[in-house]
Amino acid sequence: MQTKILHRGQKNVIEQVIKNDLCTGCGACVHLCPYFEQYRDKTVILHECDGTDGRCYAYCPRTPVNLSVLREKLFSASDITPELGAIKGFFMTRAADKDVRDAAQHGGTVSTLMALALSEGIIDAAVLADQKENLLSESTSISDNNGIRTHGKSKFVVSPTVATFNEVARGASKHVGLVATPCQALALAKMRVFPAEGDEEKSAKLKLVIGLFCGWALSWEAMKPLLDQIIGATRILKVDIPPSKHQCMEVTTESGVVEIPLSEIEKTVRKNCRYCFDMTCEFSDISVGSARSSEGWAVDKGWNQVIVRTALGQALLELARTRGLLEFKSVPEGNLDRLKTASMKKKKACLRHLSEKSGDPDDLIYLNREDICQY
């Protein structure tokens with residue numbers, strides 16, 4: 001069994017990842033050296049590098065990795081499922097504070113947990129996505145609870161969260177928490193399990209990863225012209241994707257809510273999202289998504305469904321329950337099974353798309369065939 005990452009350099013990242021439409025924009029290669037930078041939803045190359053043992057290649061979530069080894073190092077074997085990764089518990093929650101809920105995308109669970117981790121000293125810095133002009137995203141580091149609440153909305157465009165972690169981890173912070181998408185969480189898992197020589201101290205600062213369920217992310221470059229055509233210069237306050245039966249994206253602006261057909265939105269999805277196997281952010285301590293139930297979207301968008309994956313995630317959720325910071329309700333029968341089915345559908349689509357890209361059913365580019373035999 002492979003037990004380490006085979007390191008290569010910038011040229012391999014360019015040829016195998018960026019030119020191959022696999023780059024996720026996670027930022028794992030940024031702030032490691034002077035050669036990579038993030039600009040307007042793109043990873044750009046500032047200078048050529050002939051290094052053959054680059055951290056850029058080692059940490060990229062789209063370079064080869066043995067997922068089985070990562071899971072073995074990060075999770076309890078008895079918790080691991082083929083569909084959703086490690087599961088210690090499955091819950092429906094929302095912030096008890098209505099102001100937190102109102103400021104959040106859905107139930108406010110992520111904001112509540114990250115603020116609690118800060119106040120308890122579990123972390124001393126939180127790395128979060130930050131929205132700029134009309135959906136363009138960046139990332140930022142926050143060290144006080146008050147700042148958490150203002151970053152609770154989903155961005156739908158990738159923010160270079162891992163790049164900000166690379167920067168923060170070089171500073172005075174000792175315990176860093178992140179809110180991450182699946183590709184970002186995979187990059188962080190590679191850093192944690194296989195730190196490059198000299199990166200051990202930096203990687204050890206990663207204390208908490210709260211993951212977000214993610215079906216796909218939008219390309220800001222493709223999305224901006226569509227928004228300009230439909231919305232114009234009106235400032236966007238919030239964006240949401242209702243359940244699939246609604247077939248639209250809801251864009252809340254200063255002038256009201258605009259529904260954009262999902263068929264138009266899908267044209268702006270990043271190409272690399274076709275090659276992602278993970279819908280529920282499996283390499284996190286605790287994963288959070290919008291709720292689904294028979295009560296309907298009007299109720300569900302005020303709640304979250306939560307997968308606890310590690311002992312730390314379990315302890316944090318229970319602390320939030322004990323402190324009365326989160327409200328819980330019963331998980332509808334069949335919800336976990338439906339989530340497993342949806343996740344497996346994404347995995348199988350990923351494998352099909354990778355095989356089509358490589359032209360060989362046995363060549364899955366960055367995935368190890370042994371890892372995915374159960375799919």
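Taken together, the values in this text are just the output of simple stated rules run on the coordinates, not laboratory data. Quantities reported herein were computed from a predicted structural model and do not represent experimental measurements. We place every Cβ from the backbone using ideal geometry, glycine too, and count neighbours over all the protein chains shown.
List of remarks:
- Near the amide H of V157, within less than 5 Å, lie the amide hydrogens of L218, all on another chain or at least 5 residues away, with H placed in the peptide plane.
- Taken along its principal axes, the alpha carbon cloud of the range 261-375 reaches lengths of 53, 38, 25 Å, longest axis first.
- Put the Cα centre of the range 242-262 next to the Cα centre of the range 304-375 and the gap is 26 Å.
- Environment charge of K42, counting only residues whose C-beta is closer than 14 Å and scoring Lys/Arg +1, Asp/Glu -1: 0
- On a per residue basis, the convex hull of the C-alpha atoms belonging to the range 220-268 measures out at 69 Å³.
- Once the Cα-Cα distance is subtracted from the 0.36 nm per residue extended length, the T234 to R338 segment shows a gain of 33.7 nm.
- Remark: the Cα gyration tensor places the range 219-302 in the oblate category, a/c being 1.5 or greater and a/b not exceeding b/c.
- The order of the peptides 276-282, 160-166, 173-179 by mean Cβ neighbours within 10 Å, most packed first, is 160-166, 276-282, 173-179.
- Peptides 8-19, 118-129, 41-52, 340-351, ordered by how many other C-beta atoms sit within 10 Å of their residues on average, highest first, read 118-129, 8-19, 340-351, 41-52.
- Kirkwood-based shape ratio for the range 42-83, expressed as Rg/Rh from alpha carbons: 1.17
- Cα gyration tensor, the range 51-176 - rounded (a/c under 1.5), prolate or oblate: oblate
- Interchain or long-range residues, amide H under 5 Å from M279's placed H: none
- Computed extension gain for V257 through N146, at 0.36 nm per residue and net of the alpha carbon distance, reaches 37.2 nm.
- Euclidean distance of C-alpha centroids, the range 221-238 and the range 152-201, integer Å: 29 Å
- Around P243: net Lys/Arg minus Asp/Glu count, Cβ-Cβ under 13 Å: 0
- Computed about its Cα centre, the charge dipole of the range 211-325 is approximately 160 debye, with only Lys, Arg, Asp and Glu carrying charge at their Cβ.
- Basic side chains Lys and Arg get +1 at the Cβ, acidic Asp and Glu get -1 at the Cβ, and with that the dipole of the chain about its Cα centre reaches some 380 debye.
- Whether the chain is rounded, prolate or oblate, judged on the alpha carbon gyration tensor where a/c under 1.5 counts as rounded: rounded
- Each peptide among 140-149, 300-309 gets the average number of other Cβ atoms lying within 10 Å of its residues, and from highest to lowest they stand as 300-309, 140-149.
- Among the listed pairs K42/K346; K174/K301; K190/K346, those whose Cα-Cα separation exceeds 31 Å are K174/K301.
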